[in-house]
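Heads up, the thing below is written out as structure tokens.
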Amino acid sequence: MHQPALPHLSQADPVLAELVQAEAGRQFDKLRMIASENYVSEAVLEATGTVLTNKYSEGYAGRRYYEGQQLIDPIETMAVDRAKALFGVDHANVQPYSGSPANLAVYLAFASPGDTVMGMALPSGGHLTHGWSVSATGKWFRSVQYGVRKETGVVDMDQVRDLARAERPKLIFCGGTAIPRTIDFPAFAEIAGEVGAILVADIAHIAGLIAGGAHPSPVGHAQVITTTTHKTLRGPRGAMLLSDAEHAKALDKAVFPGLQGGPHNHTTAAIAVALGEASGPAFRDYAHAVVANAKALAAALTERGFELVSGGTDNHLILADLTSKGIGGKPAAKALDRAGVELNYNTVPFDPRKPFDPSGIRLGTAGITTRGLGVAEMPRVAEWMDRAVTAAGTGDEQAIEAIAAEVAELMAGYPMPGWAPQV
Ligand SMILES: *Cc1c(COP(=O)(O)O)cnc(C)c1O
């Protein structure tokens with residue numbers, strides 16, 4: 001059952017409570033490998049479920065618009081101070097509701113509608129909010145987009161430099177949602193410096209790896225850093241803006257009053273808890289284990305004939321092109337989910353197929369590493385994936401069900417924060 005327990009919810013709204021319980025069980029049984037997901041600690045869950053959700057706190061500590069902030073101010077200050085210490089930055093704003101609003105705040109702070117901005121194209125692994133056409137950031141700004149090299153699957157820094165010189169963007173975003181390789185922050189900084197752009201490092205996916213020393217930090221290279229708090233960083237759903245002193249005030253003003261109203265204080269408290277956890281030695285071990293697992297899984301998948309974009313991974317994330325397996329990403333992802341292996345279908349660079357039915361799948365090891373799986377288990381995970389993809393091709397539902405049972409049996413041996421067996 002769900003931990004912390006839900007006695008009042010079960011009384012007040014049994015149908016909803018049952019759905020939550022079932023979701024907890026689902027998360028327990030499966031290999032959850034959606035690259036942006038994780039399992040938060042019970043301490044983070046408890047902080048999220050507190051009376052802090054009752055309080056309005058527009059403004060910042062010491063400068064609020066409503067009374068009664070005697071205890072909210074120190075809570076938000078704890079989160080801010082921990083973020084500054086953990087990432088080694090001058091300034092932190094922990095109020096953005098999520099990653100997308102955090103990125104919008106950067107545009108509001110430093111650009112005007114119609115200005116030129118630059119980011120990585122969504123099909124190459126960028127995020128919607130880095131100027132992709134369907135996003136407000138692509139509609140309201142003149143967005144130019146870079147990609148990866150076809151031969152290597154790695155960010156094309158020559159294209160970044162050429163585009164930046166030709167287009168002179170106000171903002172350059174680096175980072176993304178489907179980048180399996182280390183982001184070269186110094187190289188981006190050099191280009192941004194040359195054209196007078198502000199470099200924005202969006203570390204949503206890799207923030208936990210950076211905090212744990214398993215990926216280089218953008219600090220000292222990017223003036224502005226945006227991140228979600230709920231991916232590898234293993235906190236509640238939320239986001240942060242980190243920056244040098246020079247850009248601090250504009251970011252704060254953009255978040256409030258520019259874009260948002262009251263901060264979600266229960267989330268702020270949970271972010272503080274997660275940042276506290278991420279500053280300990282156990283989290284360093286965790287971050288390195290995430291990368292070791294991803295590398296081991298990538299090697300095992302390659303051995304089984306999976307074609308990986310860029311040939312492997314440096315971080316938590318793997319992007320596989322299933323063309324060689326004779327199946328599309330979408331039917332494969334659906335079959336894998338039925339087999340207890342949860343991931344998402346994903347466009348691969350230069351994908352000849354449509355975004356809603358692309359060639360690839362994306363997966364990550366943040367969640368399964370939190371559960372305690374190690375490199376020894378990765379060949380087995382690759383074997384299940386291989387069998388499930390093959391079974392999907394032949395329509396063998398029995399084989400898929402058999403895999404799901406084997407997965408659940410393995411996962412029963414790995415505890416999950418947020419769920420405990422019924423006693
Ligand atoms: C996840 C992500 C976001 C957006 O986060 P949401 O909380 O889903 O809005 C922004 N940028 C990158 C690179 C991401 O991976």
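Just so it is clear, none of the values below were taken in a lab; they were calculated from the coordinates. This is a predicted model, so every value here is computed, not measured. Methodologically, a virtual Cβ is constructed for each residue, glycine included, from the backbone with ideal geometry; neighbour enumeration extends over all protein chains shown.
Couple of notes before you dig in:
- Sites residue 246 and residue 337 - FRET efficiency at Förster radius 51 Å, r taken between beta-carbons, to 0.05: 0.65
- Three principal axis extents of the stretch 226-327 based on alpha-carbon atoms, in descending order, are 52, 32, 27 Å.
- Gyration tensor over alpha-carbon atoms, the stretch 252-396, equivalent ellipsoid semi-axes in Å: 33, 21, 14
- Counting all C-alpha pairs of the stretch 167-222, share separated by more than 18 Å (%): 29
- Intensity falloff of the stretch 313-375 expressed as log10 I(q)/I(0), Debye formula with alpha-carbon point scatterers, at q = 0.13, 0.29 Å⁻¹: -0.36, -1.21
- Charge dipole magnitude, Cβ of K and R +1, D and E -1 - the stretch 1-96, Cα centre, debye nearest 20: 180
- The calculated pair-distance distribution of the stretch 336-422 uses every alpha carbon pair, bins of 10 angstrom beginning at 0, and gives 15, 41, 32, 11, 1 percent.
- The smallest convex shape that holds all Cα atoms of the stretch 210-274, its convex hull, gives 92 Å³ per residue.
- Put simply, the Cα atoms of the stretch 47-278 extend 55, 36, 30 Å along their principal axes, the longest span coming first.
- The tail of the calculated P(r) for the stretch 1-117, taken as Cα-Cα distances beyond 20 Å, holds 64 percent of the pairs.
- Placing unit charges on the Cβ atoms only, positive for Lys and Arg and negative for Asp and Glu, gives the stretch 47-278 a dipole magnitude near 420 debye about its Cα centre.
- By the Kirkwood approach, averaging reciprocal distances over each pair of separate Cα atoms, the chain gets a hydrodynamic radius of 22.2 Å.
- Straight Cα distances below 16 angstrom link residue 334 to the aspartates and glutamates 321, 342, 357, 386, 396, 397, 401, with same-chain residues fewer than 8 positions distant left out.
- The stretch 25-48 and the stretch 74-147 have Cα centres lying 25 Å from one another.
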